[in-house]
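The structure under discussion appears below in the form of structure tokens.
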Amino acid sequence: MMNRKLLLIGLAMMACLIGTSNAMPILDSQNFDWKYEMDVQPNNQDLNNSGSDDFWDGGALTVSNGVAIGTGDDTYFRTDYGGSIWRDEITGAAFTIEFSVQILETGEEGTAGTMGMYARNLETGGGPYLNVARSGQTLINTQATLDLGSQDNTDGQHVFRVAREGDGSVWVYRDGVMLNPNGQPIVGDLSVFNNDIFQIGDIWSTGHSGDYEIDYVRLTDGAYAPVPEPATMLLLGLGGMLTLRKKK
């Protein structure tokens with residue numbers, strides 16, 4: 001009996017590692033190609049030695065004490081120019097973006113939330129548009145604005161990951177937990193802004209407002225699921241044990 005329990009727990013943990021997001025490979029963002037840890041201004045960095053800053057200087061967020069501080073309208077990091085990190089390095093239809101942010105309870109919040117992230121390139125022709133609010137987050141595509149939950153984003157830093165597969169499937173995670181409705185891929189890239197751009201911050205002048213702090217932004221080619229949290233693996237294991245007990 002004990003061996004059966006161990007086997008079931010192992011299978012549950014394996015399912016967690018494989019993930020439900022179309023069996024995407026797993027990659028810790030520490031191993032992403034391009035990482036901006038907010039120790040210095042990302043718009044003053046040239047990680048790929050292209051001879052140009054990775055992000056545009058105009059309207060950039062201010063970095064202080066290890067975070068990028070968003071306190072005003074139309075302040076964000078953007079990459080829609082030749083020599084930017086996004087235009088030079090993230091060129092395929094599959095990519096993954098991860099960022100850590102705390103939404104503050106100061107300033108008047110916008111109609112769509114406090115801040116957002118949008119990414120598209122010439123290969124995709126469109127891309128995912130994620131809004132993060134004090135309570136919850138949404139994703140806009142060509143069909144609708146999708147409600148991805150109402151979690152508290154003000155109680156500390158929370159990690160968001162957006163992975164786009166080559167076939168257009170988009171997967172969204174918060175603190176390692178998938179947010180996709182019914183666990184299904186989100187499709188329907190939104191085509192707004194410039195043809196080849198990644199931007200993050202107050203990217204919607206009428207929709208985003210309020211204060212926030214970004215701890216890091218990390219980018220890489222290819223679509224990757226996050227490493228499962230230990231608590232998630234434990235819960236799956238316990239679920240397997242309960243299932244076995246019910247069958248006894």
Residue in region 161-210 that is surrounded by the most Cβ atoms within 10 Å (Cβ to Cβ), counting only those that are out of contact with any Asp or Glu (no Cβ under 8 Å at 6 or more places or on another chain) and at positive phi: Gly201
Can you name every one of the strands (runs of 3 or more DSSP E) wholly within region 98-143 that holds 2 or more residues which are of a type in the set (S, T, N, Q)? 137-140
Looking only at region 109-116, decide whether some residue is among the hydroxyl-bearing types (Ser, Thr, Tyr) and touching a residue at least 24 places away in the same chain (Cβ under 8 Å). yes
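Every number in this text was worked out from the coordinates using simple rules, so none of it is lab data. As the structure is a prediction and not an experimental result, all values here were calculated from the model. Neighbour counts run over all protein chains shown; Cβ positions are idealised from the backbone, glycine included.
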